[in-house]
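S.K.: Got a structure for you, written out below as structure tokens; questions coming shortly.
The values are calculated or read from the model by the stated rules, or taken from the named source; none is laboratory data. These numbers come from a predicted model, not from an experiment. Using ideal geometry, Cβ is built from the backbone for each residue, glycine included, and neighbour counts are taken over all protein chains shown. Keep in mind that these areas ignore ligands, DNA and RNA; they rest on the heavy atoms of the full protein, side chains included. Shrake-Rupley method; radii C 1.70, N 1.55, O 1.52, S 1.80 Å.
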Amino acid sequence: MTARNLPSDDSSIASRTSRRALLRALTATPVAVSVVTPPWSEALATLHREHNDEPAFLCRSREGRSLSRFRYHRAESFFGTLEAGILTGNDEVLYYSGIVTQLGLSAHLLDIGFEDEWCARHIGLRVAKGLAYANATGLGHTCPDMSRLAMVLTPYWKWRQPRWDDPMPADGGFTADQVRPLLRALLNRVQEVTGHSRPNGWRRRLGGR
């Protein structure tokens, strides 16, 4: 059961406490993935083997937390462009969706102690891989449609002004109206897990809700 699905009772409180305790430990000392307490260690080791990635060393810092908040706020900013409905082509919508998703996932990974350089080197613009690493380290956003969208967006540079003589990448049938709620749910989850404040003007953008 993921943290998202836990009932609102003592078990939920215990889960949040356990996560805070783990993050405090990662703040104090760099911890190799191979010794991070379950369930992260096994899941990350599996991802490393699948992708032939070098081990990540998780160590939270004030700088990482600050960069994480910046990335989350940037994700919300780009999402505002999608919400405004000013993008006319599906390729533009999917390109911006890739930016929003990867910024949001990066915010989570940086918050729990991944180095930005490691993420750039091993994840880059591969949205599906970023989602896999995020879920392996406690994001808990296992939405099947979001997973399918992440595959469509990987790597998201392919949606930036495809050349006229190249075949259009497969969009999986996604439209702007289908993508927006998926991204909104992802960003809500990132904000919930990281505890970052919403960016200025966020409530005004939602019409005061």
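S.K.: Check the stretch 152-167 and report whether any residue there is open to solvent by less than 40 Å² (accessible area, probe 1.4 Å), assigned to a helix (DSSP H, G or I) and modelled with pLDDT under 95.
M.R.: yes
S.K.: Moving on. So which residues in the stretch 92-109 are farther than 14 Å from Pro155 by Cβ and either open to solvent by 10 Å² or more (accessible area, probe 1.4 Å) or in contact (Cβ under 8 Å) with a residue 60 or more places away in the chain (or both), if there are any at all?
M.R.: Glu92, Val93, Tyr96, Val100, Leu103, Gly104, Ser106, Ala107, His108, listed by residue number.
S.K.: Moving on. Which ones in the stretch 43-71 are in contact with a His (Cβ under 8 Å, 6 or more places away or on another chain), over 16 Å from His108 (Cβ atoms) and open to solvent by less than 30 Å² (accessible area, probe 1.4 Å)?
M.R.: Within the stretch 43-71, just Asp53 meets the criteria.
S.K.: Within the stretch 126-137, is there a residue that is farther than 18 Å from Leu44 by Cβ and out of contact with any Lys or Arg (no Cβ under 9 Å at 6 or more places or on another chain)?
M.R.: Yes; the residues of the stretch 126-137 include at least one that is farther than 18 Å from Leu44 by Cβ and out of contact with any Lys or Arg (no Cβ under 9 Å at 6 or more places or on another chain).
S.K.: Just to verify a result, which residue in the stretch 124-150, among those that are assigned to a loop (DSSP other than H, G, I, E, B), without any contact (Cβ under 8 Å) to a residue 60 or more places away in the chain and closer than 18 Å to Tyr72 by Cα, is least open to solvent (accessible area, probe 1.4 Å)?
M.R.: The qualifying residue least open to solvent (accessible area, probe 1.4 Å) is Leu139.
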